[in-house]
Structures are given as structure tokens and as C-alpha cells.
1. If I go through segment 43-92 residue by residue, how many of them are touching a helix residue (DSSP H, G or I) at 6+ places or on another chain (Cβ under 8 Å), closer than 20 Å to G110 by Cβ and surrounded by fewer than 16 Cβ atoms within 10 Å (Cβ to Cβ)?
2. What number goes with the only condition from (1) closer than 18 Å to E47 by Cα; (2) free of Cβ contacts under 8 Å to residues at least 40 places away in the same chain; (3) part of a strand (DSSP E or B) that I115 does not pass?
3. Exactly one of these conditions fails for M44: (1) touching a His at 6+ places or on another chain (Cβ under 7 Å); (2) among the hydrophobic types (A, V, I, L, M, F, W, C); (3) modelled with pLDDT under 95. Give me its number.
4. Got a number for residues in segment 86-122 being among the charged types (D, E, K, R) and under 21 Å from the mean Cα position of the chain (by Cα)?
5. Might you check whether a residue that is within 12 Å of L118 (Cβ to Cβ) and in contact with a Gly (Cβ under 6 Å, 6 or more places away or on another chain) occurs anywhere in segment 47-55?
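The values are calculated or read from the model by the stated rules, or taken from the named source; none is laboratory data. Just so it is clear, the model here is predicted, and its values are computed rather than measured. Heads up, the Cβs are rebuilt from the backbone with ideal geometry, glycines too, and the neighbour counts pull from every protein chain shown.
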Amino acid sequence: MKTYSTIAFGLALSAALTGCGKQGEAPKAEEKAAMADDAGTKAMPNETKHGAGTATVTAVDSTKGQVTLDHGAIAELEWPAMTMGFAAKPELLKGIKVGDKVAFELDWDGKAGTITKLDKAP
């Protein structure tokens, strides 16, 4: 009787293990398309946005092309008021010094901002 139990158990175990080795189904065409769309969206760079505001200059490094601004809210970028640094062409920084009130425009790529226009405010 033990022999039959052992054989039955062995067959049941074999059947169960065979089922575990079954490979999953390949994704359907529409699932593949959705995955490709998601992957393409994630890999694409962020769209550059343009904003404008007013600020007080808190630091300037014209040799490195950097300016730090304590700026008000920038509606186009949905930013609150804050202090942050931006890249700027050295020619835009000529005559700009710490403490100056400025009007500026910038491009934001989602990671860094670049000043495109910088003028002393009246």
C-alpha cells in the first residue's frame, strides 16, 4: 500500500512541477504597442518652457556664466517665489551686480534654467 501511495504522490508531484515550468503567454499586439508608447514617452526629453519675472540679484559670476536670482512667482512655469541660480551668457551679465533689481526671461528644460534676457529694472 505504501508503494501505491508513493507512486501516486510522485505522479502528482511530477504533474505539478510540469505546470510550473510552463512559459507565460507573449503580450498581445495592443499590449506591445502600449508598452512602446510608454517607453517612448519616458525616453523623450522634457519640452522647454519659457517664463519671465522680476528679481533681485544675489550672486553673479560672469566668468562662469552664472547668476543667482531671488525672484517672484513665475506663472508660466507654475513656480512660487524662490532663490535659484541660472546659466546666462556673459554678455547678458555685463553691468549687473549683487543687489540690482532686474527683469528677466528664461528657458526651462525641466532640469536647468537659462536666462535669455536680463535688464535692470527701473
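1. Number of matching residues: 3.
2. Result: I115 fails condition (2) only.
3. (1)
4. Adding up the residues that qualify gives 3.
5. Yes, that holds for at least one residue.
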